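Taken together, the values in this text are just the output of simple stated rules run on the coordinates, not laboratory data. Being a predicted model, the structure only gives us computed values, none of them experimental. Don't worry about glycine lacking a Cβ; one is built from the backbone with ideal geometry, like all the others, and counts go over all protein chains shown.
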Amino acid sequence: MSNPSCPKVDIGGQAVLEGVMMKAPEHIAVAVRRENGDVIVKREKYESPAKEHKWMALPFIRGSVNMVQMLSMGMKTLTEATEMLGVEAEEPSKFEKWLAEKLGKSVDKVVMAVAAILAVFLSMGMFVLLPNLIIKLFPAAATGGMLLLKNLASGVVRIAILIAYIALAGRIPDMYRTFQYHGAEHKTVYCHENDLPLTPANARNFTTLHPRCGTSFLLITFVLSIVFYSVIDVLVLMLTGFDLGGNYFIRILTRLVLLPVIAGISYEVLKTLAHHDGPFVRMMRWPGLMMQKLTTHNPTDEMLQVAIVSMKTALDGLPEGEVTEEGWVRLTKEQVDALTGVEQA
C-alpha cells in the first residue's frame, strides 16, 4: 500500500505525548497510556465553525480556517494529553505568574498562550524571516527571470530548513515515540476507512503514510508558495516596475498577508490528491508521502491499541470504565484488550 488514496471521510487525528487524538465529525477523543499500562480517555463535543458561518466552508477559504483551527486545537490537545498522563508540569516562570495575575486567567492558560506565541515567532523566524534573508545576496530584480530565481532560492532554503528540523526532532527519544503514535493514528484511520474491525491485527497491515496528513499539507504549502509568490512578484514588476522583493520588510509583509491564500489553495490540492487516484495523482502525492517517512514510524501493538481506543471513543462514545474526578475514563490493560479485540493469554 505504498501509493494510498482515501475515500471522502471526515475523520483524522493527531499524535500527542504517549497517545492519540481522533477527530470525528461531531466529537473529539484523546487517549493516552500511562506508565502503569492504564489508558486514560476523554471525549468532548465538536462543532465546526462552518455550521454557524457557512462561508467558512467555501473552497479556498476552508483551508485557512482549518489551519487556524487545527493550530489552536493542537496546542489545547497537547496540554490536555500531558494532564491526562499525570505528568507534573514545570514550575511556571515569575513572568507567567505575573501575567496570569494581571490578566485574571489561570496559570495553565497563560503558559499555553505563551508557548503558542513563542511557537509562532519561532516558526516565523525559521520559515519566513531566515529564508528571505538569502534574497539580500541577489541584485535588484529588473526581469521576471531574476525574481523567479530569488523565489526559487528562498523556497529551497525554506524546504531544506523544514526537512532538517523534522529530521533532527525525530532523533529525540520522546519525539520518536510520538512519531510512532503518529503512525498508529494513520494505520487506525486506514483500518476505519476500509471498514475493517478496529483491532491491532488489522491496523498493523496498513502503511503509516496517509495522503491527508498534515506533513503533506506543509510540503504542498511550501512548494506552492514558490509558484504563487513568483507569479505575484512578476505581475507586480510587469505592471508597476516595482521589485516587490527588493525591500526586505515589504517582502516579509506580503508573504505573511498572502499566507492564508496559499493555505487555502494547498488545502484544496491536498483534498484533491487524497480523494483521487491515477498515475499523475500518485506522482504528485509521492513527495508528501516520502516526507511522512520522517514524521511517522511503525508503532507497537500497544500504541495501535491507544489509537483504536481514541477512534472508537470519538465515533461511539466513552467506553465503560472507572471515571476519574476530571471526568476521564480509566481503562485497565484487560479492558483495553477487550475493547480492541486482543485475545488475552
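So here's what we get for this one:
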| quantity | calculated |
| --- | --- |
| Debye, to nearest 20: dipole size of segment 12-339, +1 on Lys, Arg Cβ, -1 on Asp, Glu Cβ | 1340 debye |
| Positive minus negative residues near His53 (Lys, Arg vs Asp, Glu; Cβ under 15 Å) | +1 |
| Added length on full extension, which subtracts the Cα-Cα distance from 0.36 nm per residue, Leu118 to Trp286 | 57.2 nm |
| Cross-link pairs beyond the 20 Å C-alpha cut-off, checked among Lys42/Lys76; Lys76/Lys293; Lys23/Lys271 | Lys76/Lys293 |
| Among 281-293, 54-66, 146-158, 207-219, the order from most to least packed when residues are scored by Cβ within 10 Å on average | 207-219, 146-158, 281-293, 54-66 |
| Furthest towards positive pole of dipole, Leu122, Thr240, His27, structure part segment 12-339, Cβ charges | Thr240 |
| Cα centroid separation, segment 195-232 to segment 314-345 (Å) | 29 Å |
| Cα-based Rg / Dmax (Å) for segment 12-339 | 21.9, 71 |
| Summed residue charge, Cβ within 15 Å of Ile226's Cβ, Lys/Arg positive, Asp/Glu negative | +3 |
